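Here the structure comes first, spelled out in structure tokens, and everything after it is commentary.
The values are calculated or read from the model by the stated rules, or taken from the named source; none is laboratory data. Source: prediction; values computed, not measured. Glycine gets a Cβ as well: all are built from the backbone with ideal geometry, and neighbour counts include every protein chain shown. We work out accessible area using only protein heavy atoms, side chains counted, and drop any ligands, DNA or RNA first. Shrake-Rupley method; radii C 1.70, N 1.55, O 1.52, S 1.80 Å.
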Amino acid sequence: MDFVIFGENKLAAKFAITTEEQAKGLMFCEEDVVMAFLYKDKNYHKFWMKNTPKPLDLVFCRDNEVVDIRKGVAFSLSLISSGEVSDLVIELPLGTVEKLNITTGCKVDLELSIETSIKKFNYHKG
């Protein structure tokens, strides 16, 4: 199992590492899920909520620190991006950021399973 950790809060998460996983994201997902998009390089990453039935908090991170937080509206085609480059973006059920008091500057840690670590290594080296 994989986790995203904000301070004392350890959340089970799915990791989107491949291009295909990142393109799908949480589309068509009816459950409250935490998904982390782990990127090889820092960049200005953009999201939309097409076919995503639940509103989300999007947490943009760089070097294990929250640099921006945005909200995503269910089924919206509007682009969601940050004015900051990021190497990790975490999608959380709407309201989680407020509930856990996640703010810019908060530290973020990842706890990856061996399987996810191997996938990340293999995908990011190529």
CD proxy, 222 nm, the chain: helix-only mean residue ellipticity via -39,500 (n - 2.57) per DSSP H run with n ≥ 4, per residue, nearest 500, stands at -4500 deg cm²/dmol
Can you tell me the order of 78-91, 23-36 when each peptide is scored by its average per-residue count of other Cβ atoms within 10 angstrom, highest first?
78-91, 23-36
For the stretch 17-58, using Cα atoms only, the Rg and Dmax in Å read 10.7, 30
How many percent of the accessible area of the chain is carbon or sulfur, using a 1.4 Å probe?
52
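What is the stretch 60-99 by shape, rounded, prolate or oblate, if you read a ≥ b ≥ c off the alpha carbon gyration tensor as root eigenvalues and call it rounded for a/c under 1.5, prolate for a/b larger than b/c, and oblate otherwise?
Oblate, since a/c reaches 1.5 and b/c is not below a/b.
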Over the stretch 1-101, what number does the Rg to Rh ratio reach, with both radii from the alpha-carbon atoms and Rh per Kirkwood?
0.92
Listed highest first by mean packing, meaning other Cβ atoms within 10 Å per residue, what order do 102-111, 12-21 come in?
12-21, 102-111
How much accessible area per residue does the chain have, counting only protein heavy atoms and a probe of 1.4 Å, in square angstrom?
57
